[in-house]
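These notes concern the structure reproduced below.
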Amino acid sequence: MSVRVRFAPSPTGQVHIGNIRAAIFNWLFARHECGKFLLRIEDTDRERSTPEAVQTVLDAMNWLGLTYDEAPLYQSTRLDAHREAAETLLKAGHAYKEDKGGTGKGECIIFKMPGKDMMFKDVIKGELRKSAKDMSDLVILRSDGTPTFHLANVLDDIQMNITHIIRGDDHVENTYRHIALFQALGATVPAYGHLPMIINQQGKPYSKRDGAAFVGEFREKGFMAEALFNYLTLLGWSPGDDREKMSKDVLVSLFTLDRVKSGPAQMDIKKLTHLNAMYIAEMPLDQFIQKERSVVSRLEWGNACGENLFKEVCKLMQSRAHTFTAAEEWKYFFVSDIAYDEKAVKKNLNKEGVKQLLIKAKERLATADFSAKSIEDIIRGVEKENGMGEGKLNQPVRVAVTGTSIGAGIYETVALLGQQCVLKRLGYAIEHFCI
RNA sequence: GCGCCCAUCGUCUAUCGGACAGGACACAAGGUUUUCAUCCUUGGAAGCGGGGUUCGAUUCCCCGUGGGCGCGCCA
């Protein structure tokens, strides 16, 4: 039978990075095996499972290109089937009713574990076993008539003809129960594979405290879907050689479950960022422009960016952008009111002799044609005439016209800023910062 | 506490018992005739400890230690 796997998120309004990684591994496995990747929305918690929360899941999947093959199954539509199954198990003697007391909620239906030692072969972790004494019976239908996770999950997997269940390591212990349920229900037991957890620097499950923990946050922080996808793939898996940056197609062709590790893996934002920078550097310019446009449009100065200038700035900055949020630093290209970095000013402008040179440069720039080439020539000339080392005037000019000591090539930057702007800023710097 | 699992540079990882344990991120130094970034060169950096098995162990086995996960009328 051909492979059928599923991603079964419970819509809570956010999609955790660990969950989406499970989705990615399932997707990769399905595509590699030419099988089906299905989606099941476990929306039985009516409080949290709002249409918006469901949409968040769909958006995250869509963003990452996690295409699914059949209409999603909404678990909430299966309530009757779940109840029926609980009754069936009860009649067949696989379950019993009991009031577990305590809070006195009434009778619930409890599944009887087989009472035998169990073993299953995990596709990732190998043979796993557990003795009968360590497995207790489990509630499958609450006293209020609603099914528990275990019942619903197993039943829906049967309904969907799932052949392989690839999920987080935190489900390993549930597997024995689920297998027993499959068997009691007379269904074929699927293959299981448990993915290592993603942990933080403290070795704890990766959470909000550790920076971005949800798919939406990575997106907002300027990460590319392709980079995040690629990076997540490397957490707990490798192709077996030194390849790291891989396209989806390559990933699909290389991905196998037997190469997945079983120990937890620590998230490394720096490495993700590095990968992201490579992806950004390679993307087509017009796509980059579009991305940056949307980043900048959220800023108060963002809509002041003219089409052409914005394009040129993107061209200049693409290779040095690590994330899309880099555009937030481009303000000085688009507004007249710029911020000055105090340290940079002190180091480059507030020094003996700089004033005369900037005055001279300003004079010549006033009559230049403002190509990068002639700007360079002018600055070179001023340096030379004053016995200054080649390039030594670059930083003072940069700080004077951009307010910061870092940026793209200074001649290109000056050219893009335009004559009027540059003369004005030079004048201001000479007045206010030079001695 | 009980059960299950895991264990290679700081981090992610490679290694089908056999060469100097390789790569990437990060870090450090230098270079790419302007900063930042890119790129290049170089460097430091690992088999948790103890027993076995073997001619030979990072690799196989056992014990210890460390870490993760689980032990709900949550999912």
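The values are calculated or read from the model by the stated rules, or taken from the named source; none is laboratory data. Keep in mind the model is a prediction, meaning the values are calculated, not measured. Using ideal geometry, Cβ is built from the backbone for each residue, glycine included, and neighbour counts are taken over all protein chains shown.
Annotations for the structure displayed:
- Residues of region A:37-90 that are of a type in the set (Ser, Thr, Tyr) and either within 14 Å of RNA strand B (Cβ to nearest atom) or within 21 Å of the chain's Cα centre (by Cα) (or both): A:44, A:49, A:56, A:67, A:68, A:74, A:76.
- Any hit, region A:3-16, residues being within 16 Å of residue A:216 (Cβ to Cβ) and not in a loop (DSSP other than H, G, I, E, B): yes
- Taking region A:125-167 as the range and being in contact with a helix residue (DSSP H, G or I) (Cβ under 7 Å, 6 or more places away or on another chain), near RNA strand B (Cβ under 7 Å from one of its atoms) and in a helix (DSSP H, G or I) as the test, only A:150 passes.
Per-residue answers, yes or no, for (1) within 22 Å of the chain's Cα centre (by Cα); (2) loosely packed, with under 15 Cβ neighbours inside 10 Å; (3) within 14 Å of RNA strand B (Cβ to nearest atom); (4) not assigned by TED's automatic domain parsing to the domain that holds residue A:382:
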| residue | (1), (2), (3), (4) |
| --- | --- |
| A:258 | no, yes, yes, yes |
| A:274 | yes, no, yes, yes |
| A:279 | yes, no, yes, yes |
| A:289 | yes, no, no, yes |
| A:297 | yes, yes, no, yes |
| A:303 | no, yes, no, yes |
| A:308 | no, yes, no, yes |
| A:363 | no, yes, no, no |
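- Only listed residue being within 13 Å of RNA strand B (Cβ to nearest atom), in contact (Cβ under 8 Å) with a residue 24 or more places away in the chain, surrounded by fewer than 16 Cβ atoms within 10 Å (Cβ to Cβ) and within 30 Å of residue A:257 (Cβ to Cβ), chosen from A:122, A:170: A:170
- Those helices (runs of 4 or more DSSP H) lying entirely in region A:337-426 with at least 3 residues over 22 Å from residue A:318 (Cβ atoms) and out of contact with any Asp or Glu (no Cβ under 8 Å at 6 or more places or on another chain): A:342-348, A:354-365, A:372-385, A:394-402
- A search for C-beta distances below 7 Å between a residue of region A:411-425 that is aromatic (Phe, Trp, Tyr) and any residue that is surrounded by 21 or more Cβ atoms within 10 Å (Cβ to Cβ), counting only pairs 6+ apart in sequence or on different chains, returns A:411/A:375.
- Inter-residue pairs, beta-carbon under 9 Å, first under 14 Å from residue A:8 (Cβ atoms) and in region A:66-92, second of a type in the set (Lys, Arg) and surrounded by fewer than 14 Cβ atoms within 10 Å (Cβ to Cβ), 6+ apart: A:76/A:46
- Verdict on residue A:37 being modelled with pLDDT of 95 or more, assigned by TED's automatic domain parsing to the domain that holds residue A:216 and among the aromatic types (Phe, Trp, Tyr): yes
- For region A:91-119, a tally of residues being more than 10 Å from RNA strand B (Cβ to nearest atom), on the phi < 0 side of the Ramachandran plot and loosely packed, with under 12 Cβ neighbours inside 10 Å returns 3.
- Of the residues A:3, A:15, the single one that is crowded, with 24+ Cβ neighbours inside 10 Å, in contact (Cβ under 8 Å) with a residue 40 or more places away in the chain and in contact with a Gly (Cβ under 9 Å, 6 or more places away or on another chain) is A:15.
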